[in-house]
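Notes for the one structure printed next.
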Amino acid sequence: MKKVLIFTASTGGGHNQAATSLEEEFIIQGFNVTKVDALKETSKILDLLIADGYKVLAKNLPKLYGGLYKISDKKRINNKVTNIITKLVRKSLYEKIKKNDPDLIIATHPFIVNVVGSLKEKNKIHIPFISIVTDYHIHQTYVNRNVDAYIAGSNHTKECIIERGIPKDRIYSYGIPIRKDFLKPKLVHKNDDAFTILLMGGSMGVRSIKKVLKNLVNNKNKLRVIVVCGNNRLLQKRLKRRFKNVYKNKDIIIYGFTKKIPILMDKSDIVITKPGGLTTSEAIAKKVPMLIPYMIPGQEEENADYLVKSNMAIRVTEINNINDIINKITSNKEILDTMRDNMQKVASNHSMGNIIELSNRLIKDYETEWRVSYGK
């Protein structure tokens, strides 16, 4: 049984979700899989600084986070930062690799890329290495010549990676890994004529999502609004108290954490969300056009730019104007039809099966060229 070692990190949920989706598929395909939160298990200090630091900055100081994201995207500065991280965790990560003795290593977080890349550079390991890019643009932290294959969410992402100097034959537009449920044909259909909106983005806090909902309930049209608050129980409680069963010709349904997102997307005409890589990939797979009224500066801004330019999403620059956009969409069916067609074109390239096939090929190539060994 071939062994796969998947490294992730807990800066936002997307990296872990992608790792879990890969883990599930590799197990189905007969692999022995180990998933490791690399920062948590190698350096508690770094995990505190990076993972917890991300959560604090993204939630409370998003502009500062966006500035740090852009500064660290510069090659010279990025090299200094990633080299420090590599020196701090390389030994521990190397021990994890030796202990697991994998046939393949996959990273769903960019901070792992330089660490594994340096071990390959120093001939400490001779193992195929795949990097999963979990956004639609690429940050300099992902770039390392020792990566054997990059999995990109779109052809646009592939071009961005090529611009950073990575050979195009190492880049595969197989899609950001998402749960299988999002890849299934539509399971449910609406049973009435109410325009249905799926509203997500609880991690942005109470104010933004509450402001969107406050505008939607004042829309003149008959609307069904399905709100998903995730683990934000305070948000769920406040929204239920404020909006539940009080508006004429509006059906407001409020969830906390739920695993029913694929079904809720099937029921929805549009999704209003922040543009995280995983959430937007799920929407693309389900062909549900997006409205983007809020985002964290940095990678989410870049994702939004791509989605809007590709006509799969509409950017809402002012939440108070969101009803104008809703009214335009509901009165012109062709707008959403065109957006769905664009999503279908992107989604048609996505395949977890292709990722498995690529993995098998890399393992076979390495077995032919190398005897798996470790440096002293």
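The values are calculated or read from the model by the stated rules, or taken from the named source; none is laboratory data. Bear in mind the structure is a predicted one, so any value in this text is a computation, not a measurement. Positions of Cβ are backbone-derived with ideal geometry, glycine not excepted, and every protein chain shown enters the neighbour counts.
Things to note:
- The residues on offer are Lys158, Lys180, and the sole one that is surrounded by fewer than 17 Cβ atoms within 10 Å (Cβ to Cβ) and either at pLDDT 95 or above or not small (Gly, Ala, Ser) (or both) is Lys180.
- For the stretch 217-230, the count of residues that are closer than 30 Å to Lys63 by Cβ and in contact (Cβ under 8 Å) with a residue 40 or more places away in the chain is nonzero.
- Here Ile272 fulfils each of the conditions (1) surrounded by fewer than 22 Cβ atoms within 10 Å (Cβ to Cβ); (2) closer than 20 Å to Arg224 by Cβ apart from (1).
- Any hit, the stretch 287-296, residues being part of a helix (DSSP H, G or I) and either modelled with pLDDT under 95 or crowded, with 20+ Cβ neighbours inside 10 Å (or both): no
- With respect to (1) among the β-branched types (Val, Ile, Thr); (2) touching a residue at least 40 places away in the same chain (Cβ under 8 Å); (3) part of a loop (DSSP other than H, G, I, E, B); (4) under 28 Å from Gly67 (Cα atoms), the lone exception for Ile178 is condition (4).
- Flag if Asp73 is surrounded by 15 or more Cβ atoms within 10 Å (Cβ to Cβ), of a type in the set (D, E, K, R) and part of a loop (DSSP other than H, G, I, E, B): yes
- Selection from the stretch 181-201 of residues that are over 12 Å from Lys267 (Cα atoms) and assigned to a loop (DSSP other than H, G, I, E, B): Lys184, Pro185, Met200, Gly201
- The residues of the stretch 324-376 that are modelled with pLDDT under 90 and among the hydrophobic types (A, V, I, L, M, F, W, C), listed by number, are Trp370, Val372.
- Selection from the stretch 345-366 of residues that are in contact (Cβ under 8 Å) with a residue 40 or more places away in the chain, in contact with a helix residue (DSSP H, G or I) (Cβ under 9 Å, 6 or more places away or on another chain) and assigned to a helix (DSSP H, G or I): Val346, Ala347, Met352, Ile355, Ile356, Ser359
- Comparison of Ile112, Ile97, Ile85 shows that the only residue that is part of a helix (DSSP H, G or I), within 20 Å of the chain's Cα centre (by Cα) and surrounded by 19 or more Cβ atoms within 10 Å (Cβ to Cβ) is Ile112.
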